[in-house]
Amino acid sequence: MVVTLQIESHRRLALFGMADKNLKALRQLLNVQISARDEDVRISGDPEAVEQCAAALAELKKLAHKRGHISTEQIAAIVAGITQRRAGGHGSLLYTAETGVEPRTAGQKRYVNAIEQHDLIFCAGPAGTGKTFLAVALAVQMLRANQARRLVLVRPAVEAGEKLGFLPGDIQAKVNPYLRPLLDALHDRMPFEQIRRFMANDMIELAPLAYMRGRTLNESIVILDEAQNTTPSQMLMFLTRLGEGSKMIITGDPSQIDLEPGQSSGLIDARCKLAGIHGIAFIELDKSDIVRHRLVQNIVQAYEARPRHSAPNESPGHP
């Protein structure tokens with residue numbers, strides 16, 4: 001099979017690399033023949049390999065336009081993702097070869113596809129559906145492939161019925177408990193020493209939502225977790241931080257809102273106000289997408305069947 005692509009001359013150096021080293025890498029990875037003359041790139045070989053090479057060049061072209069250069073590690077990551085997708089998967093979610101993960105339900109597959117194809121993604125669903133885990137996994141993959149300069153993990157500092165203000169320590173010590181779940185998800189993807197090194201180099205940042213005010217986040221993957229606990233004004237503030245070359249993933253569980261009575265959830269409000277805007281994806285997960293312990297699905301189902309504050313023996317004056 002032979003396929004000919006057109007590559008503008010001013011993009012050749014960034015895409016092909018010095019002495020066509022990127023084309024040589026593709027030849028070795030996919031066992032195809034590639035030749036370039038003027039603005040034409042000719043790919044020949046096994047039909048499946050040729051199609052994979054053409055798809056890889058299309059992704060690399062976008063990356064070269066955005067970043068100005070391409071590394072051999074990026075080429076390998078993109079080829080691996082295309083190979084896995086064509087084998088029925090949904091792109092490599094690997095940071096190292098030993099820690100792989102793939103979407104396990106139809107809802108999770110829609111979620112992963114939305115992250116890959118959109119710059120602003122909302123994902124709502126019950127506990128255990130992998131909202132945060134998959135977002136972090138894909139973000140780490142993109143960071144590893146140099147598709148973003150930094151990863152920013154954000155949470156609102158809202159207490160789930162408990163008052164933590166009296167705890168000792170400075171502001172960092174007080175907000176650490178809120179950010180711990182994000183660090184746990186990150187630790188599942190990367191060794192702790194690497195996380196610490198990336199945080200020291202400002203490639204990874206964990207921050208409470210209030211710290212986002214006044215910032216512009218360029219070339220970043222930004223994840224807002226527990227977004228059901230934002231107010232509409234906080235959500236607007238956060239969404240307007242989106243900068244050039246960035247991607248935002250917003251996750252939350254509308255059934256676990258810890259805001260003060262009478263306050264509206266920014267997650268629910270955004271779903272109403274932003275519906276229909278091109279380029280924004282809304283993914284709804286449900287109990288069928290729960291992949292934690294089998295009991296979590298039963299617990300969610302039980303709480304859905306019996307509304308809050310309706311215990312069977314509850315009566316006026318009963319404690």
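The values are calculated or read from the model by the stated rules, or taken from the named source; none is laboratory data. Given the structure is predicted, the values throughout are model-derived calculations rather than measurements. Here the Cβ positions follow ideal geometry from the backbone for every residue, glycine too, while neighbour counts run over all protein chains shown.
A few notes on this one:
- The combined condition, being in the same structural domain as Asp46 (by TED's automatic domain parsing) and at pLDDT below 75, is not fulfilled by Gly100.
- As a summary of the residue check, Asp269 satisfies the conditions (1) farther than 20 Å from Thr129 by Cβ; (2) within 22 Å of the chain's Cα centre (by Cα); (3) part of a loop (DSSP other than H, G, I, E, B) except for the one numbered (3).
- Listed here are the helices (runs of 4 or more DSSP H) enclosed by the stretch 1-70 that have at least 1 residues being among the small types (Gly, Ala, Ser) and at pLDDT 85 or above: 21-30, 47-67.
- Test for Leu242: is it at pLDDT below 90 and closer than 23 Å to Gln141 by Cα: no
- Residue match in the stretch 115-127 (condition: within 30 Å of Tyr303 (Cβ to Cβ) and either modelled with pLDDT under 90 or polar (S, T, N, Q) (or both)): yes
The rows are residues; the columns are (1) in contact with a Lys or Arg (Cβ under 8 Å, 6 or more places away or on another chain); (2) without any contact (Cβ under 8 Å) to a residue 60 or more places away in the chain.
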position	(1), (2)
Met190	no, no
Gln194	no, yes
Met212	yes, yes
Glu226	yes, no
Met237	yes, yes
Arg241	yes, yes
Ser246	no, no
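- Filtered by the rule that a residue be in a helix (DSSP H, G or I) and either of a type outside the set (Phe, Trp, Tyr) or closer than 12 Å to Val154 by Cβ (or both), the stretch 191-212 gives Glu193, Gln194, Ile195, Arg196, Arg197, Met199, Ala200, Leu209, Ala210, Tyr211, Met212.
- Residue in the stretch 177-206 that is surrounded by the fewest Cβ atoms within 10 Å (Cβ to Cβ), counting only those that are touching a strand residue (DSSP E or B) at 6+ places or on another chain (Cβ under 9 Å) and of a type in the set (Asp, Glu): Asp202
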